[in-house]
Structures are given as structure tokens and as C-alpha cells.
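All remarks here apply to the structure that follows.
Derivation of every value follows stated rules applied to the coordinates shown; laboratory data play no part. The shown structure was predicted, so the numbers you read here are calculated from the model rather than taken from an experiment. With ideal geometry, Cβ positions are generated from the backbone for all residues, glycine too; neighbour counts draw on all protein chains shown.
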Amino acid sequence: MSAKRLLRFATRLDELARLSAAIEELGEAEDWPLDLVFQINLVLEELVVNIVNHGHGGDPNHEIEIAFTSEADALTIELIDDGRAFNPLDDAPTPDLDSEIEDRPIGGLGVHLVRTVIDAMIYKRENDKNHLTMIKRRDG
Amino acid sequence: MEIKTERQNGTLIAKVEGRVDSANAREFENALSSAISDDDTYVIADFEGLSYISSSGLRVILLIAKTLRSRNAKFALCSLSGPIGEVFKISGFDKIISIYGSQAEALAG
């Protein structure tokens, strides 16, 4: 059994409320564990905020498309945007996780969180769009 | 997001409730910074009522941790839910900020 859901958001930070509401609703409808709802919310917030802040130089008039395919053992999320090319697998540096407080840089953790929480990621640039496919296993 | 504060013998306990995300992280930063006074020698952020935090909230926690460290005040977090504890671990913050299971343990530490 698999169910597919497609959502569209404008490239604006105030869309985050609608995004988290949609994830909660989907999680409830498909009986996700609460931890999974949290993790998917986190992953999509980090990626959407990156697209809003860096993908279009602040232009709010673009669209981000997010497709969810739910299966018994895994959730597949496809994220498509027409911002500048950005491959979260390669284009973000691994953050410094070991320095003392004084030396720890502020920021740069969002993509690291995504890469850690998600089980598998595939990126491609096609027709001037970023296509990111992510797989999250349901068993944590 | 809401912050409720109380003081016990020079320790500030800031109870953070609700969600901290990129949309309200600036508000969280202002609220937490202004809740802390220069006389506080120990600050505990109690996350029992916190349901969600993203990297934008971690940024604020690190800023506060740096400020408190620079004036030799102690800083700790307590009562993190499973997924929030995971976020702090993935970010390596568990190695630079004391994290306790409960407010009582944080007060004793």
C-alpha cells in the first residue's frame, strides 16, 4: 500500500507554519510515530529555509514542490525547487562538532541535521531545477 | 513559543514552551537574552514544554552559551524530549553544554 501527497509552498518564511501543519496532518492520517513527525518537520524546515534564504536571493515569488510517498516501511520525500543549484550532499561543509564553546562557529548545522536524520538521499539538477529525493525508514 | 522565568538563589530557570523554528528564532533570542540578567551566575533552560526546535534555535542556544561562558556564568539545559535530545547530540552540543534529565538534577549540578 502506498499513498502519495503533493504540496506546494511559496519561497517565504511565513510558509513554515503551513508546512508544519501539513506534516502533522499527514503524520496523523498515516499514523507516523511522533518522533518521525518531528524529524520530517526538521528536515523540511532546514531545506525550505535554505531555499528561501539562499536559493532565490530572497525573492518570495517562487515555488517549492514537496511530494510524499508513504509505504509501510519507508517514507520517500521529493523536493523540487527552481533556485540556484544546491546539492545538500556535497555543497555544504561538514560542521565543526568538536571545538570548545568559544571556537564553535554559529550556524551551518541545518544540512548536517538533514544528512544525519535521512537514511538515503539522491540529488540531481534537471531543467534548471534542484530535485532532491530522500528516504526515511519508518523504524527510526 | 513562550518563556517563563523564576529565580532560585542566583540561578535563573527559563522554561521554554512551544516551538522554536526559523520563523520565531529571533523572538526566542530576544526573549531569552532579556530574561537573563548580568547577576545570574547559573542559567538553566528547561525544555520540558518545548515541542520542537530546529537549527535556528540551536544557533540561539550557542549564542547564549558563548555569552555566559565569556563572563564565567554556568549554563545548562534540562528535560529534553527524545527527538530534541537527538538534535543536540547530532550537533555536538551535548559535548559543550551540560544537559540534565530533570530540573532538580540541573539545580544540583
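Is the stretch A:38-50 home to any residue that is more than 10 Å from the chain's Cα centre (by Cα), surrounded by fewer than 22 Cβ atoms within 10 Å (Cβ to Cβ) and hydrophobic (A, V, I, L, M, F, W, C)?
No: the stretch A:38-50 contains no residue that is more than 10 Å from the chain's Cα centre (by Cα), surrounded by fewer than 22 Cβ atoms within 10 Å (Cβ to Cβ) and hydrophobic (A, V, I, L, M, F, W, C).
Please enumerate the residues belonging to the stretch B:73-98 that are over 13 Å from B:L50 (Cβ atoms) and touching a residue at least 12 places away in the same chain (Cβ under 8 Å).
B:A73, B:K74, B:F75, B:A76, B:S91, B:F93, B:I96, B:I97, B:S98
How many residues are touching a residue at least 12 places away in the same chain (Cβ under 8 Å) and part of a helix (DSSP H, G or I) when one looks only at the stretch A:1-21?
So the answer is 5.
Please specify each residue of the stretch A:93-140 satisfying the condition of being surrounded by fewer than 18 Cβ atoms within 10 Å (Cβ to Cβ) and among the basic types (K, R).
Of the stretch A:93-140, the ones surrounded by fewer than 18 Cβ atoms within 10 Å (Cβ to Cβ) are A:93-94, A:96-103, A:105-108, A:115-116, A:119-129, A:131, A:133, A:135, A:137-140.
Matches in the stretch A:93-140: A:R115, A:K124, A:R125, A:K129, A:R137, A:R138.
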